[in-house]
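Asks: One structure coming up, written as structure tokens, with questions to follow.
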Amino acid sequence: MKKKYIKNLYQILSTTAGIVFIEFLFLVAIIKLNMVDIEQPGIEKLYITLIGFMIGLPLITIIFGFYWIFQFVSFDDLGIKIYLLNHLIKDVKWTDVKYIMYSNHMNNPTISLFLKNGSRINFDRRKKIVAVIHKNMKKNKNNIK
């Protein structure tokens, strides 16, 4: 049975950490506003705006990041299959891979597969994924840089 991996795990985790930090800052701002006794007009609008951002930021991130968050990848002897949820969106044969290279993508360590058609696929540089890629690349005598 093929094991499915989350394709962009490091990017998902770093984005989630950033959102949690921003949410914490919004929460601190709301607490500080509650501690100050201000009777100015418009303070209710400020509360509504802060709470709106607290709810809206994660929702917008999930909506726009849906494509990357729910991508899974599986490896077998024939090639690489990338899924969006359970729908196959890309199927690459090992013979279509020209070479692989270690790089950084969006400040996350990645392993990049360069294909013969000129496109590139990035994966998180996790030990299990790297081991599977190296094993299959050696079987098919592809270049590893």
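The values are calculated or read from the model by the stated rules, or taken from the named source; none is laboratory data. Computed from a predicted structure; not experimentally measured. A quick note on method: Cβ atoms are made from the backbone with ideal geometry, for glycine too, and the neighbour counts reach across all protein chains shown.
Asks: Looking at the stretch 97-104, is at least one residue closer than 29 Å to E23 by Cβ and either not acidic (D, E) or not assigned by TED's automatic domain parsing to the domain that holds I19 (or both)? Spell out how you get there, then give the answer.
Replies: Residues of the stretch 97-104 closer than 29 Å to E23 by Cβ: 104.
Narrowing the set further to residues that are either not acidic (D, E) or not assigned by TED's automatic domain parsing to the domain that holds I19 (or both) leaves 104.
Checking the stretch 97-104: at least one residue is closer than 29 Å to E23 by Cβ and either not acidic (D, E) or not assigned by TED's automatic domain parsing to the domain that holds I19 (or both).
Asks: Is there a residue being over 30 Å from L113 (Cβ atoms) and modelled with pLDDT of 85 or more anywhere in the stretch 59-68?
Replies: The answer is yes; a qualifying residue exists.
Asks: A follow-up question, please. Name the one entry in D77, D124 that is loosely packed, with under 14 Cβ neighbours inside 10 Å, among the charged types (D, E, K, R) and not assigned by TED's automatic domain parsing to the domain that holds L9.
Replies: Within the list D77, D124, the selection yields D77.
Asks: Looking at the stretch 57-78, which of its residues are without any contact (Cβ under 8 Å) to a residue 40 or more places away in the chain and farther than 19 Å from L13 by Cα?
Replies: L78
Asks: Which residues, counting only those in the stretch 85-109, are at pLDDT 85 or above and crowded, with 16+ Cβ neighbours inside 10 Å?
Replies: Passing the criteria: V92, W94, D96, V97, I100.
Asks: Any residue in the stretch 125-142 that is in a loop (DSSP other than H, G, I, E, B), farther than 19 Å from I6 by Cβ and at pLDDT 85 or above?
Replies: So far as the stretch 125-142 goes, no, none of its residues is in a loop (DSSP other than H, G, I, E, B), farther than 19 Å from I6 by Cβ and at pLDDT 85 or above.
Asks: Are any residues in the stretch 82-111 within 20 Å of V132 (Cα to Cα) and not in a strand (DSSP E or B), and if so, which ones?
Replies: Matches in the stretch 82-111: W94, T95, D96.
Asks: From the list D124, D91, pick out the single residue that is closer than 30 Å to L25 by Cβ, of a type in the set (D, E, K, R) and in contact with a strand residue (DSSP E or B) (Cβ under 8 Å, 6 or more places away or on another chain).
Replies: Of D124, D91, the one residue that is closer than 30 Å to L25 by Cβ, of a type in the set (D, E, K, R) and in contact with a strand residue (DSSP E or B) (Cβ under 8 Å, 6 or more places away or on another chain) is D124.
Asks: Quick one: how many residues across the stretch 32-47 are exposed (fewer than 10 other Cβ atoms within 10 Å of the Cβ), among the aliphatic types (A, V, I, L, M) and part of a helix (DSSP H, G or I)?
Replies: 1
Asks: Name every residue in the stretch 54-81 that is part of a strand (DSSP E or B) and either more than 14 Å from the chain's Cα centre (by Cα) or of a type in the set (G, A, S) (or both), in order of residue number.
Replies: If the condition is that a residue be part of a strand (DSSP E or B) and either more than 14 Å from the chain's Cα centre (by Cα) or of a type in the set (G, A, S) (or both), then S74, F75, G79, I80, K81 are the ones that fit.
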